[in-house]
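Q: Here you go, one structure.
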Amino acid sequence: MNLALPDVSAEELAALRAQVQSLRSEAERQAREIRELESAVKVERLARERAEAKLKDLLRRLYGPKSEQLSADQLQLLFETLRADEQLRQDAPAATAVAAKQEKKPRKGGGRRAAPEHLPVERVEIDLSEAEKAGLVRIREEITEELDYQPSRFIRRHYVRFVYADPKKQTAPKLPQLPARVIPQASVGVGLLVHLLVSKYTDHIPLYRFEQIAARVGVELSRQKLCRWVEEAALLLRTIHDRLRRRILADGYVQVDETPVKVLDPDRGGHAALAYLWTYLSPLSQAIVFDFDLSRGRGNLREFFAPEWEGVLQSDGYDAYDRFLRERPRIIHAGCMAHLRRYVVEALQAGLKLDIVARLLGDIALLYRIETQAKDQKLSPEERALLRQRESLPILDRLHKQFVVISQTELPKSALGRAATYALNRWQTLTRYAQPGMGHVLIDQNSVERGIRPTKLGAKNWLYIGHPDAGWRSAVIYSITGTCKLLKVNPVDYLTWVLPRLATATSGQTDGLLPHDYAAAVAA
């Protein structure tokens, strides 16, 4: 079937061709616009990723290892780069990022190291057979060393006492006395008891895991028995805990913090309640004491600090400290610059007003650099106070003016507004460390927060304290192990040294048994 084509004039054909060409041009134009938009989005995404990477690097350098921390000048330079990246994202130029290849740096810390000299040596002799060494003379030894490990060993110790009797039967039989036992009537040696305490409170191994570890080598230790041993050891160590408390108070400068811990409450049908480990640290004596309390109120502060106590108490901005200090006007309150810095970092993470945040963090970094300078030069408290008055006070004045301006220009609930509110409300306590006569006071309370850290690691494993009446045990033993850590004393060595002495001591014979005394005896 043939279809007849309509007659089309030359003019109509030219018009149709022009229409097709116009549609093709429009399609090409729209395709170009799509490609340009995709390119702009890609550039914006790359710029944002670059800025986020630099922000993460900034936080790592601010609070990471000292070898990676930024100076104030580097901090300002990095913020200028971040500002440029922000402008780049707003302008969105059509450009592609090219990553430059970097040479791989050799890894540090590699290579073989000799085993510690204090380890015992097991000698394994490998000799030729008699036939192979026939007619030969030994000229030297070839020694190849390897480091090996043998699982912890449980041993049975038999105290064998010889009994003597009178042949004439005129006196009762005689036998020597047993050595003093750390836990009377308990079949546990001091080595196993120390291993149990350090495993739970330093290595964060819950008792049920300790039970499983012992079972793998054929030793059955019930959790009830392990709990009883821990309690008996804590009863002995309470004397050390009390003496550490008195030593901290005698220094006249105490850092205080508190951390939550879960505890099973029998009154709540087995549900976990929230309790607190109050932490008191003396930077002067390098001593720390934990105190267990079911409340976060100021009652624990009242119990720890006697009514007549005078000195410097350093804390964060928790209102329980403010209420307590209003009751004790003779106590001087020092704030924590690290908490103010965290408020400013929150503003940094919000990503706005980077130039303002850069100036704030740069000045705070300068304050910390002055503290590092004083520490490196081993300045006395008097010399440190003079250095702060000469160099820190002008920076603090500049910071105060910046926070005043921020409080007048930023919304109170914004990140910068919250930082300014915290700073201005607590400016007197935040700058206390730089006042005359305060050279012994630190710029922040990071020391006590580091002391709390082992309890948080432990709580991830043992989850909760089994009963409110058992909380004091953790507080006592954490105080001992925490003080050992501050003094760089091996807790195994100290507990092995002190527990037998406590077992035979009376209340009037416990002088000279603190971790500080053990450290001095070892160093002598």
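The values are calculated or read from the model by the stated rules, or taken from the named source; none is laboratory data. Quantities reported herein were computed from a predicted structural model and do not represent experimental measurements. All Cβ positions, even for glycine, are placed from backbone atoms using ideal geometry, and neighbour counts span all protein chains on display. Heavy atoms of the whole protein, side chains included, go into the accessibility calculation; ligands, DNA and RNA do not. Shrake-Rupley method; radii C 1.70, N 1.55, O 1.52, S 1.80 Å.
Q: Mind listing the phi-derived Karplus ³J(HN,Hα) values for segment 156-172, rounded to whole Hz, using 6.51, -1.76 and 1.60 with θ = phi - 60°, and x for any glycine or proline?
A: Calculated HN-Hα couplings, in order: 9, 10, 9, 8, 9, 10, 8, 9, 10, 10, 7, x, 8, 6, 8, 10, 6 Hz.
Q: Compute the accessible area per residue over segment 279-336, keeping the other protein chains in place, probe 1.4 Å, unit Å².
A: 39
Q: Which value, in Å² rounded to 10, gives the accessible area of ASP355 with a 1.4 Å probe and all protein chains present?
A: 70
Q: With the Cα gyration tensor of segment 365-524 giving a ≥ b ≥ c as the square roots of its eigenvalues, does the rule (a/c under 1.5 for rounded; else a/b larger than b/c for prolate; else oblate) give rounded, prolate or oblate?
A: Taking the square roots of the gyration eigenvalues as a ≥ b ≥ c, segment 365-524 is oblate.
Q: Could you sort THR144, THR431, THR496 by their accessible area in this structure, using a 1.4 Å probe and putting the largest first?
A: My answer, sorted largest first, is THR144, THR496, THR431.
Q: Could you state the number of Å between the C-alpha centres of segment 280-338 and segment 182-217?
A: Between the Cα centre of segment 182-217 and that of segment 280-338, the gap is 34 Å.
Q: Return the FRET efficiency for the residue pair ALA273, LEU16: r is the Cβ-Cβ distance, R0 is 60 Å, and the value is rounded to the nearest 0.05.
A: Taking R0 as 60 Å, the efficiency between ALA273 and LEU16 is 0.10.
Q: For segment 142-205, what does the accessible surface come to per residue with a 1.4 Å probe? Please give it in Å².
A: With the other protein chains kept in place, segment 142-205 gives 87 Å² per residue.
Q: Kindly flag which residue pairs out of LYS456/LYS488; LYS460/LYS485; LYS375/LYS413; LYS262/LYS485 have an alpha-carbon separation exceeding 27 Å in this structure.
A: Long pairs (Cα-Cα over 27 Å): LYS375/LYS413.
Q: Determine the gain in length on full extension of the stretch GLN349-ALA180; use 0.36 nm per residue of separation and subtract their C-alpha separation, reporting nm with one decimal.
A: 54.8 nm
Q: Quick one: if you stick a label point 7 Å off each Cα along the C-beta vector at GLU382 and ALA306, how many nm between them?
A: Placing both labels 7 Å along Cα→Cβ, they lie 2.9 nm apart.
Q: Could you check the spin-label model distance between GLN435 and ILE213? Points 7 Å from the Cα along Cα→Cβ, value in nm.
A: Computed distance between label sites GLN435 and ILE213 equals 4.8 nm.
Q: Quote to one decimal, in nm, the extra length available between GLN286 and LYS168 on full extension: 0.36 nm per residue of separation minus the C-alpha distance between them.
A: Answer, rounded to one decimal: 36.2 nm.
Q: Something else about it: I need the peptides 246-257, 25-36, 321-332 ranked by packing, meaning the mean over residues of other C-beta atoms within 10 angstrom, with the highest value on top.
A: Listed from highest to lowest mean packing, they are 246-257, 321-332, 25-36.
Q: Taking 0.36 nm per residue of sequence separation and subtracting the Cα-Cα distance, how much length would be gained by fully extending the chain between ARG326 and HIS400, in nm to one decimal?
A: Here the segment from ARG326 to HIS400 would lengthen by 24.2 nm.
Q: Keeping all protein chains in the complex and leaving out DNA, RNA and ligands, what accessible area do you get for HIS516 with a 1.4 Å probe, in Å² to the nearest 10?
A: About 30 Å², ignoring ligands and nucleic acids.
Q: Still on this structure, please answer the following. So what J values fall out for segment 516-524 if you push phi through Karplus, 6.51 cos²θ - 1.76 cosθ + 1.60 with θ = phi - 60°, rounded to Hz, Gly and Pro as x?
A: 5, 5, 5, 4, 5, 5, 5, 6, 5
Q: If you don't mind, another one. Filter the chymotrypsin sites (Phe, Trp or Tyr not before Pro) in segment 420-503 to those in DSSP coil with at most 11 other Cβ atoms within 10 Å of their Cβ, and list the result.
A: Hits after loop and neighbour filter: nothing returned.
Q: Just to be sure I understand the model, the point goes 7 Å from the Cα along the line to the Cβ. What's the resulting GLN408 to GLU125 distance in nm?
A: Taking the two extended label points, one gets 9.0 nm.
Q: A further question follows. How much accessible area does ARG209 have with a 1.4 Å probe, in Å² rounded to the nearest 10?
A: So the heavy atoms of ARG209 present about 90 Å² to solvent.
Q: Order MET438, MET337 by their accessible area, 1.4 angstrom probe, all chains in place, largest first.
A: Result, largest first: MET438, MET337.
Q: Could you pull out which residues in segment 216-243 have an amide N less than 15 Å from a spot 7 Å beyond the Cα of LEU294, following the Cα-Cβ vector?
A: none
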